[in-house]
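The values are calculated or read from the model by the stated rules, or taken from the named source; none is laboratory data. Nothing here was measured: the structure is a model prediction, and the numbers come from that model. Cβ coordinates were reconstructed from backbone atoms using ideal geometry, including for glycine residues, and neighbour counts include every protein chain displayed.
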Amino acid sequence: MIEALLPLMSFAFVSSITPGPNNIMLTSSGIWFGFRRSVPHMLGITFGFGVLLAVCAFGIGELVVALPQVVLLLKAAGCAYLLYLAWQLRRMGVAGTGERALQPMSFGAAAMFQFANPKAWVMAITGASAFMPLLHKHAGWLAILIYCLVFCAINLPCVSVWAGAGAVLRRYLERPLWRIGFAATMVVLTLYSALAIWL
């Protein structure tokens with residue numbers, strides 16, 4: 001069991017901590033609303049991703065992504081939301097307007113976004129393909145539960161780091177020039193995430 005869990009934990013950490021749509025949105029949320037108000041967003045990400053992990057562990061994920069129409073719909077939904085987010089992020093450069101324009105993402109919205117997040121699908125399908133056979137050999141049908149719990153237990157602290165980083169940056173973005181520069185950077189990263197969906 002240990003020989004299966006350690007690689008899974010490493011994969012979960014690397015894939016969860018690296019930049020992606022979720023982490024970009026959490027950084028923005030931390031800046032605008034602080035860490036505490038971003039907690040439902042973080043919990044929604046981990047819960048929704050846990051459901052997606054279970055779907056892929058049961059093999060349904062591979063069936064879903066095998067349908068071109070479904071893949072196109074998922075990509076379009078994810079891209080549309082990221083473009084909307086980039087449009088809103090431009091307001092960050094003007095003091096106070098960003099927070100009035102947006103509210104923290106809710107638990108439900110963050111959970112649902114995982115099904116339109118291409119990075120989440122790649123993580124879930126890759127993880128299930130690589131680690132479910134190893135875990136199933138040792139744990140039988142408990143393998144899916146172990147797989148999802150281990151991944152989510154690592155995912156939540158990782159995504160929390162990005163919200164925390166945003167909350168820390170919040171106090172340093174009082175200067176208009178820094179705020180405008182950071183807003184431009186976040187817009188570019190979000191637009192790149194939207195473009196990367198189609199690559």
Next item on the list: Kindly list the number of the only condition in (1) at pLDDT below 90; (2) of a type outside the set (Val, Ile, Thr); (3) assigned to a helix (DSSP H, G or I) that fails for Pro104.
Entry: (3)
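For residues that are within 24 Å of Ile146 (Cα to Cα) and surrounded by fewer than 16 Cβ atoms within 10 Å (Cβ to Cβ), scanning just region 13-38, find the one that is modelled with the lowest pLDDT.
Here is the first cut: in region 13-38, the residues within 24 Å of Ile146 (Cα to Cα) are 13-18, 22.
Then drop every residue that is not surrounded by fewer than 16 Cβ atoms within 10 Å (Cβ to Cβ), which leaves 13-14, 18.
Numbers: Phe13: 94, Val14: 92, Thr18: 89.
Of everything passing the filter in region 13-38, Thr18 is modelled with the lowest pLDDT.
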Check: Any chance region 119-136 includes a residue that's under 17 Å from Pro19 (Cα atoms) and among the basic types (Lys, Arg)?
Finding: yes
Note to self: Checking Tyr172 against (1) of a type outside the set (D, E, K, R); (2) outside any loop (DSSP other than H, G, I, E, B); (3) free of Cβ contacts under 8 Å to residues at least 24 places away in the same chain, only one condition comes out false. Which one?
What the structure shows: (2)
Notebook entry, point to check: Does region 1-36 hold any residues that are assigned to a loop (DSSP other than H, G, I, E, B) and within 19 Å of Ala143 (Cβ to Cβ), and which are they?
Noted result: Met1
Item checked: Evaluation of Ala184 against (1) modelled with pLDDT of 80 or more; (2) within 18 Å of the chain's Cα centre (by Cα); (3) surrounded by 13 or more Cβ atoms within 10 Å (Cβ to Cβ) (one fails), failing number -> (2)
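Given the residues Leu195, Leu145, Leu156, which is the only one that is within 19 Å of Leu43 (Cα to Cα), exposed (fewer than 14 other Cβ atoms within 10 Å of the Cβ) and either within 21 Å of the chain's Cα centre (by Cα) or among the aliphatic types (A, V, I, L, M) (or both)? Don't jump to the end; show me each part of the working.
Details: Leu195 fails: within 19 Å of Leu43 (Cα to Cα); Leu156 fails: exposed (fewer than 14 other Cβ atoms within 10 Å of the Cβ).
Just one listed residue meets the conditions, Leu145.
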Item checked: Lone qualifier among Leu173, Leu189, Leu134 - being within 16 Å of the chain's Cα centre (by Cα), modelled with pLDDT under 90 and surrounded by 15 or more Cβ atoms within 10 Å (Cβ to Cβ) -> Leu189
